[in-house]
Amino acid sequence: MTRIGLIRHGSTRWNQEGRVQGHTDNPLDEEGFRQAGVLAERLSGEAWDYIYSSDLLRARQTAETIAGRLGIPLAGLLPDIREMNGGLIEGTTESERIERFGSQWKTMDLKLESTELARKRGVRAIEELAARHPGSNVLVVSHGAILRSTLAGLVPSLDVSVLLKNTSITCLVKENDSWSCELYNSAEHMDG
């Protein structure tokens, strides 16, 4: 059995402003570092063997905070789990998108990465990690949209309509070439 813990990065200033981040390389804000520390404390009571991160700064800073608390090295950066490309809407808020493109902006070709392309690269990355570390417990710090697309690809029956919270953890288990989800979007550690 291989267990993969998928973590959404901590908060950034753009998260607070409601801006699409996509591939923009934003750092965590003060709240994001606090969230990463709280999650790291929660995870310290569990057995994790490896931690990987998207190559974007906000995910890497979250992973480094967790790795430091757990005493495990950051095993690598994975470009295939970076956030979906936001195309022409990257850096904008909803009101700015409506102002620039009109209220029907979601129906326009604004050069966003397709969900299908994101799903394929995310699934490939997680399958490769599971093959690299069979029987291990592996943490992966990534981003909300790519994680939900990846989850839909690995566990098609899973309802991924609820947006992932910053520093939430979702746990997948792979047994006999089949994936199941044992925990989705858990952020109870932030309640205290």
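Between helix 30-43 and the chain, what is the angle of the helix's C-alpha long axis to the longest principal axis, kept within 0 to 90° and rounded to the nearest 10? Here the helix axis deviates by roughly 30 degrees.
Computed across the chain, the Kirkwood radius stands at 16.8 Å (inverse of mean 1/r, all Cα pairs).
Comparing Cα centroids, segment 39-72 and segment 1-36 end up 13 angstrom apart. Let me check I've understood the local charge: for GLU96, count other residues with C-beta under 13 angstrom from its C-beta, Lys and Arg +1, Asp and Glu -1. What total comes out? Local net charge: -1. Taking all Cα pairs closer than 8 Å and separated by 6 or more residues, the relative contact order of segment 41-192 comes to 24 percent.
For the chain, carbon and sulfur atoms together expose 49% of the accessible surface, with a 1.4 angstrom probe and every protein chain in place. Three principal axis extents describe the C-alpha atoms of segment 17-113; from largest down they are 49, 26, 19 Å. What the Kirkwood sum gives for segment 109-192 is a hydrodynamic radius of 13.7 Å, with every pair of different alpha carbons counted.
Rounded to the nearest 500 deg cm²/dmol, what is the calculated helix-only ellipticity per residue at 222 nm for the chain, with -39500 (n - 2.57) per DSSP H run of length n ≥ 4? Calculated from helices alone, the mean residue ellipticity at 222 nm is -11000 deg cm²/dmol. Counting only DSSP beta bridges with both residues in the chain, the antiparallel share comes to about 50 percent. With respect to the chain, whose longest principal axis is taken over its alpha-carbon atoms, helix 144-154 is tilted by about 60°. In terms of packing, defined here as the mean over residues of other Cβ atoms within 10 angstrom, the peptides 86-96, 145-155 line up highest first as 145-155, 86-96. Per residue, segment 2-160 exposes 45 Å² of solvent-accessible protein surface, assessed with a 1.4 angstrom probe and all protein chains in place. Using C-alpha pairs below 8 Å separated by at least 6 residues, the relative contact order for segment 117-183 is 29 percent. Each 10 Å bin from zero holds the following percent of Cα-Cα pairs in segment 83-143: 18, 36, 23, 16, 7, 0.
The values are calculated or read from the model by the stated rules, or taken from the named source; none is laboratory data. Just so it is clear, the model here is predicted, and its values are computed rather than measured. No Cβ is skipped: glycine too gets one built from the backbone with ideal geometry, and neighbour counts run over all protein chains shown. Note: accessible area is taken over every heavy atom of the protein model, side chains too, but ligands, DNA and RNA are not part of it. Shrake-Rupley method; radii C 1.70, N 1.55, O 1.52, S 1.80 Å.
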